[in-house]
Structure formats: structure tokens, C-alpha cells
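Heads up, the thing below is written out as C-alpha cells.
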Amino acid sequence: MSGFEINTPKRDSILKIALNGFGVKVGNSDELFVDATNNNIGQKKHYLLQAILAVNDMFNLAQETVYSLFKEDVELFFRSSGIIFSKDLKLTGKSGFDHNIDFLIPQSKNKPERLIKTINNAKKDTVLSSIMAFNDINQLRETKTQNYVVYNDIEKEVSKDIIYALENYGVKNIPWSKKELCHSEFTLN
């Protein structure tokens, strides 16, 4: 569909809601169409145009929704890979502030507990926020914890400065283009 992948349940749901509201269907070749008669052709054309605009808006989803979709992609990959995790945790740091952690992989015999934040658009402010959250949380954790950022590098290349900053603070990072690294880092054995 014009380069927009409908590869998760959430994306499929967003598309269906947008199209169903206008009575528009998706054909076998991913084309959008409406069934019309001579009496309602004008109205059906209008609905089709409105649906096309709604699908176009999917390319410009609010940043929060895009982040949510990326996090969902990571979760689906973890599940399909048999990675055991807890998700959407709120952990308190030494500062007294609560921090949202996207995934926690429990400690195993050979590996420490792993905290994971996902970043869809790796910019200076989001990376610094993640580093601060990890440092704040780790000062209160009784168990040894390894921190990770899984970042989306599919849409846009991530600056070497971003990677350097994460590494300087001991935060391991996994680009989504190399998501297979999650297997060795996040499995329990």
C-alpha cells in the first residue's frame, strides 16, 4: 500500500477503522475501491477520496503513535523469538522520579537482569533521557542490571554521536536492522 507496511495488528486495525468509516475496501492488489451505482457515484467518489486522505495521514502519524508501533514491532519480535520479558514497567530512581521501561528481561544463571528502552527516533534528547533514566534507576537496584536501547535505524540512519553517548554510559544498543542480536542478548541461557 504505497510503501506503508501493514504488518502488525495495530497498524491493520488503524487502516480498517479508517477505511470502514468511508465504506472503502482493499482489493487483492492493495488498491482501494468502492462499490457504487449511478445514483450514488458522486458520494462514493467523495468517500474514496476521504479514505485516500486518511491512509495518507497514516504516513504522518503522531510521534506517540509511531513510537507505540515501533515498540509493538519489538514486542512481536520478542514473542516470536521466545524471549521472556515483562513490559511497560514503571521503576523509581534515586531521584524519586518514576521512569518508564519498555521491557525487562529477568536475571538468569549466566546473565544479569536487563532493562530495555525502545527509541523510534534516536535524537539527542531521547537518548539523554534514556541514559538519565537508567542511571537513576540503577542507583537503587539491588541486582546487577544491564541497560539496553533498541533503536529504529530502518527509517533514518542514527548518528555516531548517539551511539557513542550510549556506549560511554555503558548502555548497550541494538539497531533494529540487526534485531537478530536480540536472540543472544535477551535469551535466558
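Roughly how many nanometres apart are two label points built 7 Å out from the Cα toward the Cβ at Thr145 and Ser108?
2.0 nm
Based on DSSP loop calls and a cut-off of at most 13 other Cβ atoms within 10 Å, the longest stretch of the chain free of exposed GluC sites (Glu not before Pro) is what? Show your work: numbers first, answer last.
On the way: sites that count: Glu5, Glu31, Glu142, Glu155, Glu157, Glu180.
The reported range is 32-141.
Starting from the Cα gyration tensor of segment 9-60, multiply each eigenvalue by 5, take the square root, and state the resulting semi-axes largest first in whole Å. If you can, show how the numbers build up before the last one.
Values: eigenvalues 85, 26, 16 Å².
One finds semi-axes of 21, 12, 9 Å for segment 9-60.
R0 = 41 Å: FRET efficiency of Lys172 with Lys45, Cβ-based, nearest 0.05?
Working: r = 53 Å, r/R0 = 1.29.
Rounded to the nearest 0.05, the efficiency is 0.20.
Does anyone have the angle between helix 63-80 and the longest principal axis of the chain? Alpha-carbon axes, 0 to 90°, nearest 10?
70 degrees
All other residues with a Cβ under 13 Å from the Cβ of Arg141 taken together, and with Lys, Arg as +1 and Asp, Glu as -1, what is their net charge? Can you show the working numbers first?
On the way: positive: Lys94, Arg114, Lys144; negative: Glu113, Asp136, Glu142.
Combined, the nearby Lys, Arg, Asp and Glu give 0.
When the Cα atoms of the chain are enclosed in a convex hull and the volume is divided per residue, what value in Å³ results?
Values: hull volume 25.1 nm³, N = 189.
With only Cα atoms used, the chain gives 133 Å³ per residue.
Find the relative contact order for the chain and round it to a whole percent, using C-alpha pairs within less than 8 Å whose residues are 6+ positions apart.
Details: 231 pairs, mean separation 30.4, N = 189.
Averaging sequence separation for qualifying contacts and normalising by length gives 16 percent for the chain.
As a test, work out the antiparallel percent of DSSP beta bridges whose residues both lie in the chain, rounded to the nearest 5. If you can, show how the numbers build up before the last one.
On the way: 11 of 22 bridges.
Here the share of antiparallel DSSP bridges comes out near 50 percent.
So how do Asp73, Asp125 line up by other beta-carbon neighbours within 10 Å, fewest first?
On the way: Asp73 22, Asp125 8.
Taking fewest neighbouring Cβ atoms as first place, the list is Asp125, Asp73.
Among Lys124/Lys172; Lys94/Lys144; Lys123/Lys172; Lys71/Lys123; Lys94/Lys160, which pairs are too far apart, with a Cα-Cα distance over 20 Å? Each step should come with its number before you reach the end.
Details: Lys124/Lys172 16 Å; Lys94/Lys144 16 Å; Lys123/Lys172 16 Å; Lys71/Lys123 16 Å; Lys94/Lys160 30 Å.
Too far apart for the 20 Å limit: Lys94/Lys160.
Expressed as an acute angle from 0 to 90° and rounded to the nearest 10, what is the orientation of the C-alpha long axis of helix 41-59 relative to the principal long axis of the chain?
10 degrees
Give me the dipole magnitude in Debye, nearest 20, for the chain about the Cα centre, with unit charges on the beta carbon: positive for Lys and Arg, negative for Asp and Glu.
On the way: 24 positive and 24 negative charges, 74 e Å.
In total the dipole reaches around 360 debye.
Report, in degrees rounded to the nearest 10, the 0 to 90 angle that the Cα long axis of helix 9-20 makes with the longest principal axis of the chain.
The angle comes out at about 20 degrees.
Describe numerically, in nm with one decimal, the distance between label points set 7 Å from Cα along Cα→Cβ at Asp125 and at Lys179.
The modelled label-to-label distance comes out at 2.7 nm.
Hey, could you grab the Kirkwood Rh for segment 63-171? Inverse mean 1/r over distinct alpha carbon pairs, Å, one decimal. Let's see the in-between values first.
Details: mean 1/r = 0.0690 Å⁻¹.
It is 14.5 Å.
Taking Cα centroids, how far is segment 173-189 from segment 112-162 in Å?
Segment 173-189 and segment 112-162 have Cα centres spaced 14 Å from each other.
Would you compute, from DSSP H runs of 4+ residues alone, the mean residue ellipticity of the chain at 222 nm, taking -39500 (n - 2.57) per run and dividing by the full residue count, rounded to the nearest 500? The partial results should precede the final answer.
Details: 6 runs with 79 residues, N = 189.
Result for the chain, helices only: -13500 deg cm²/dmol.
Pop out the ³J(HN,Hα) list for segment 111-126 in order, Karplus 6.51 cos²θ - 1.76 cosθ + 1.60 with θ = phi - 60°, rounded to Hz; leave Gly and Pro as x.
9, x, 4, 10, 9, 10, 10, 9, 10, 6, 10, 6, 10, 3, 5, 5
Read-outs throughout are calculated quantities, based only on the coordinates presented, and are distinct from any laboratory measurement. Model, not experiment: these values are computed from the prediction. All Cβ positions, even for glycine, are placed from backbone atoms using ideal geometry, and neighbour counts span all protein chains on display.
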